[in-house]
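The values are calculated or read from the model by the stated rules, or taken from the named source; none is laboratory data. Small disclaimer: the values here were computed from a predicted structure and weren't measured. Here Cβ is always computed from backbone atoms with ideal geometry, including for glycine, and neighbour counts include all displayed protein chains. The protein model used for the area step is the full one, side chains on, heavy atoms only, and it has no ligands, DNA or RNA in it. Shrake-Rupley method; radii C 1.70, N 1.55, O 1.52, S 1.80 Å.
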Protein chains: 2
Amino acid sequence: MIPVKGLPGVREGDDLAALIAGRTELEDGDVVVVAHKVVSKAEGRVARLDDVEPSPRARDLAGGEDPRRLEVILGESARLVRARPPLVIAETRHGFVCASAGVDASNAPEAGTVVLLPEDPDGSAVRLRERLRELTGCEVAVIVSDSFGRPWRQGTTDVAIGCAGLEPLLDLHGKRDAAGYELRATAIAVADELAGAAELVRGKLDGIPVAVVRGFATQGDGNAHELVMPAERDLFR
Amino acid sequence: MIPVKGLPGVREGDDLAALIAGRTELEDGDVVVVAHKVVSKAEGRVARLDDVEPSPRARDLAGGEDPRRLEVILGESARLVRARPPLVIAETRHGFVCASAGVDASNAPEAGTVVLLPEDPDGSAVRLRERLRELTGCEVAVIVSDSFGRPWRQGTTDVAIGCAGLEPLLDLHGKRDAAGYELRATAIAVADELAGAAELVRGKLDGIPVAVVRGFATQGDGNAHELVMPAERDLFR
């Protein structure tokens, strides 16, 4: 687990892969875990609250806080899952269920702005991976991560909202233990575990948005959309 | 991340700490992550299905599978959260919400038995930690882990169901980023991220139930009960 230190503040249009490649020595097989915040900033996925006109619904949900932020959240939401103003748990257009539909004011580029999730985090991961290959010649995997809460538990853990160059689910379906019993957990969300592991060395307050996981035997190539539970199998809709 | 290899099959009454200490060189500050399965086996938390008389409710929930297993699950449950026979998501007496109340037939000691969660996983972690100190002189932290699903997402990640010698939540409440914004995620479940990271090197099929995380700056001393969302703050009850 290697934190990538010394990254500057990222702005729209920055070549994030070049910023990363210039600050760490990558190797084939590395998993580069990038906090979505810097991906979103590089992609210009930032909203300026002064440009936002809050709807009546946003005012209802604001619970005394800035209704313009709630308006941005509604714009990012496919549906609201829970609301206790000003707290909103929403499903994003990508299918992720998370607080504030991923809209966040912390580590925003400037006062009065909020950072959104990337439009297509899997696409962001693919592009970062290709650009890192171009710059370093290395075949790496890329995970774009965010901090999600977990129902019934306290505290967030980082999960993968985008990935490229690895299979995010290790499928154990039909696999058996040494005694021949079929395993209960039929798939392990290794991309989520990798994102969480990287968070441990990044540190939210230290402003280290990128870490490299070395030595994990990545397999295949998938995308983080596979981590979204299909509606028909979802017991929690 | 160091997998502890060569552990024998664990039986009731085994000195699990001695089995671990004999197979790895621990250092002060290490986090020893132990899959609950071996803790439960050492503590005799195993049910024999032949000893179980299924209730009518267990038969209803079994959906064609062995109703005795459902009876064991009901016995471990404080309440059912979701049921789609034979799949049951339940809250355990500890307050954990997980599939089958943690009851699992895979890697059980023998055919016709199922493994339960430890009676008191935090207590198990404390005892393991003290015994490891006695045997090695090292001050380590211990996490007892299990694989939990996550609503709306596919795949399990390992989480902490017991811990000792570290604070499971890194509390960021009121902390601010470089620009002065209060952080959205007010606490990070580092114990869950450590459990997930350890899972990556353990490998479910390889039968490696223990891994050591070295170099994580553990702080304080808490228990995994802190990771359970209090009912009054819980949006998902």
Checklist entry - In segment A:152-169, what residues are closer than 29 Å to residue B:160 by Cβ and either without any contact (Cβ under 8 Å) to a residue 12 or more places away in the chain or among the aliphatic types (A, V, I, L, M) (or both)? => result A:152, A:153, A:154, A:155, A:156, A:159, A:160, A:161, A:166, A:169
Item to check | Residues being out of contact with any Lys or Arg (no Cβ under 9 Å at 6 or more places or on another chain) and free of Cβ contacts under 8 Å to residues at least 40 places away in the same chain - total across segment B:89-105 | outcome: 2
Next on the checklist: Condition (residue is in contact with a strand residue (DSSP E or B) (Cβ under 8 Å, 6 or more places away or on another chain), among the basic types (Lys, Arg), crowded, with 19+ Cβ neighbours inside 10 Å and touching a residue at least 40 places away in the same chain (Cβ under 8 Å)) applied to segment B:46-68: is it met by at least one residue?
Outcome noted: no
Item to check | Scan of segment B:118-151 for residues that are assigned to a helix (DSSP H, G or I), in contact (Cβ under 8 Å) with a residue 40 or more places away in the chain and among the small types (Gly, Ala, Ser), ordered by number | outcome: B:124, B:125
Next on the checklist: I'm trying to understand the selection: among the residues of segment A:210-224, which are at pLDDT below 95 and either facing another protein chain (nearest Cβ under 7 Å) or within 14 Å of the chain's Cα centre (by Cα) (or both)?
Outcome noted: A:216
Checklist outcome for this item: Considering residues that are open to solvent by 10 Å² or more (accessible area, probe 1.4 Å) and more than 14 Å from the chain's Cα centre (by Cα), the number found within segment A:131-150 is 9
Item to check | Checking residue B:108 against (1) closer than 30 Å to residue B:167 by Cα; (2) in contact (Cβ under 8 Å) with a residue 24 or more places away in the chain; (3) assigned to a loop (DSSP other than H, G, I, E, B), the condition it does not meet | outcome: (1)
Checklist entry - Applying the selection to segment A:30-45, what residues are open to solvent by less than 10 Å² (accessible area, probe 1.4 Å) and not acidic (Asp, Glu)? => result A:31, A:32, A:33, A:34, A:36, A:39, A:40
Next on the checklist: When you scan segment B:118-128, do you find a residue that is open to solvent by 20 Å² or more (accessible area, probe 1.4 Å), within 14 Å of chain A (Cβ to nearest Cβ), of a type in the set (Asp, Glu) and closer than 18 Å to residue B:228 by Cβ, even just one?
Outcome noted: no
Checklist entry - When you scan segment A:1-25, how many residues do you find that are among the hydrophobic types (A, V, I, L, M, F, W, C) and open to solvent by 20 Å² or more (accessible area, probe 1.4 Å)? => result 6
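Taking the options A:87, A:172, name whichever one is open to solvent by less than 30 Å² (accessible area, probe 1.4 Å), more than 18 Å from residue A:14 (Cβ to Cβ), modelled with pLDDT under 95 and within 8 Å of chain B (Cβ to nearest Cβ).
The conditions single out A:172.
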Checklist entry - closer than 27 Å to residue A:84 by Cβ and open to solvent by 40 Å² or more (accessible area, probe 1.4 Å), is that true of residue A:102? => result no
Next on the checklist: Condition first: assigned to a loop (DSSP other than H, G, I, E, B), open to solvent by 20 Å² or more (accessible area, probe 1.4 Å) and at the interface with chain B (Cβ under 7 Å from one of its Cβ atoms). Now tell me which residues in segment A:189-209 satisfy that.
Outcome noted: A:204, A:205, A:207
